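A short worksheet on the structure shown next.
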């Protein structure tokens, strides 16, 4: 790219398995520092960062061809991730292809669970944050807003979201496959965020009676427990009390594991015949992977749950072609609007929005 | 081959010409039909055909009862005189348990696997002519307690057969959960906890029944230790000890999940293999023709 242009660079679930995505995951505090670093990178005019469990993508409008490499280098340096390794899993799309990708992400066509709608909200949040930081400009503002419109249009015009099974419901189904009934199943939710709450509610709706919430932030745990009519557990007691629970939903936002295989093994010695079901919805993962090797321990992470949720994907797959055709029309129109903007910005080379 | 005992005149010549083996072949065919129907249903519709399989097994059970009743009537007792009868009785025990208590397990796949097991046991026993070429007359010496001992022992094998089937279901359930596939016919498997509860109860029932059988048998053996060969004592005692040990280890939490299922499967294989050994280790008895005995009766 020798002229100003729009590009998206990053990595997502298509080529990066969960253990790689963990290394690439950008926590809230790191994200702020990364944003600040990108803001002063030479050649970058506008940018927005989409950072979810399944993807880290940098949407940028740049003045020159080398900007993408600079973004890539800055990101890998901050994550201490080998640049050449990143090159193997990297997604790098330019111009119209970048627009097409953004629109497909917004619709859920690029999601691990085809047609899921959560990504739409995450994309809106990412854009709102970038807009608030003033890191977007006329091009990205237009592109993102048009992407949201296109996503709404495609979702309402096709059956891409029909038959959608949420990760929370898959988790409940798995628990039933292990315990038969939820009436006597004791559930611990680690993390008081939205994902933990959704999963807890899914369990409650299927008859789970005993629910406990634990979080690093005790206040949030108390609030969520009050909403769910659940009890609370001090976060530091979580490992010592593993054996008291049958299902443990892990949805914290911290770095590193919070439940070790050793603690799990110790807990299982006290209850060898009763299974423990870990639902690890966190990114990075909360439960040490080795715990899956312990007898009567069932460990499912985000990828596992998404894979099961996609067992009924066939019906939605039939809609992909229709969605792409609809999006393609929108992308053509959008590209016709954006291209002149990019060309006109060439005259203001070096300016920041 | 042992001559078959014909049905007494029930309703004309047609019924009279049907022998005990014919009824047993009919039963085996129905069990096989239940298994084939279940397989076709699983592959075509992704779910077992509960009512049809149950009906075929029930119909097969009726025919098997007729066949075994004719044999029992002919020998004047429980027909446990050769390998064919031992395997038939084991299959009969497993089917009886399935028909009367299996439904409470709420496992739609249990019927499918029971049909498979019954078809294998009955077809195998009927297909090997040597297994039905001779039989021991006066097997129980006219002593109903010895007959009770033998029938109880064989019934416990039926319980262990059903335990082996639930063990197969357990292994499938673990495979399903560990390979992260819960759709398709895996969705008809009972939960891990339910299968474990069923397995423990069946194991306990089998150990108690076989234990009671051995207790009854040993009461008579102690009176005259020459009546039973050492080989038979060691084999039957060994089977009971192995199952009892498995139960103890399970209760103490030392034998769980897949290991428990594999143990129950292996033990049932050993128990099945022990049947011909037990039969062969009995004191020699002159071969007798069931038809001749029937005619004498």
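The values are calculated or read from the model by the stated rules, or taken from the named source; none is laboratory data. These numbers come from a predicted model, not from an experiment. We place every Cβ from the backbone using ideal geometry, glycine too, and count neighbours over all the protein chains shown.
Before moving on, here are some points about what is shown:
- Residue within the range A:220-238 that is crowded, with 21+ Cβ neighbours inside 10 Å and within 30 Å of residue A:106 (Cα to Cα) present: yes
- When the test is whether a residue is touching a strand residue (DSSP E or B) at 6+ places or on another chain (Cβ under 7 Å) and either in a helix (DSSP H, G or I) or within 10 Å of another protein chain (Cβ to nearest Cβ) (or both), residue A:291 passes it.
- Residues in the range A:156-168 that are more than 12 Å from chain B (Cβ to nearest Cβ) and closer than 26 Å to residue A:251 by Cβ: A:161, A:163, A:164, A:166, A:167, A:168.
- A single entry from B:228, B:207 fulfils the requirement of being under 17 Å from residue B:153 (Cβ atoms) and surrounded by 20 or more Cβ atoms within 10 Å (Cβ to Cβ): B:207.
- Filtering the range A:302-337 to residues that are within 14 Å of another protein chain (Cβ to nearest Cβ) and out of contact with any helix residue (DSSP H, G or I) (no Cβ under 6 Å at 6 or more places or on another chain) leaves A:302, A:304, A:306, A:307, A:310, A:311, A:312, A:313, A:314, A:315.
- Filtering the range B:245-280 to residues that are away from chain A (no Cβ under 14 Å) and more than 22 Å from residue B:168 (Cβ to Cβ) leaves B:276, B:277, B:278, B:279, B:280.
- Looking at A:305, A:327, A:299, just one residue is outside the structural domain of residue A:19 (by TED's automatic domain parsing), part of a helix (DSSP H, G or I) and crowded, with 20+ Cβ neighbours inside 10 Å, and that residue is A:305.
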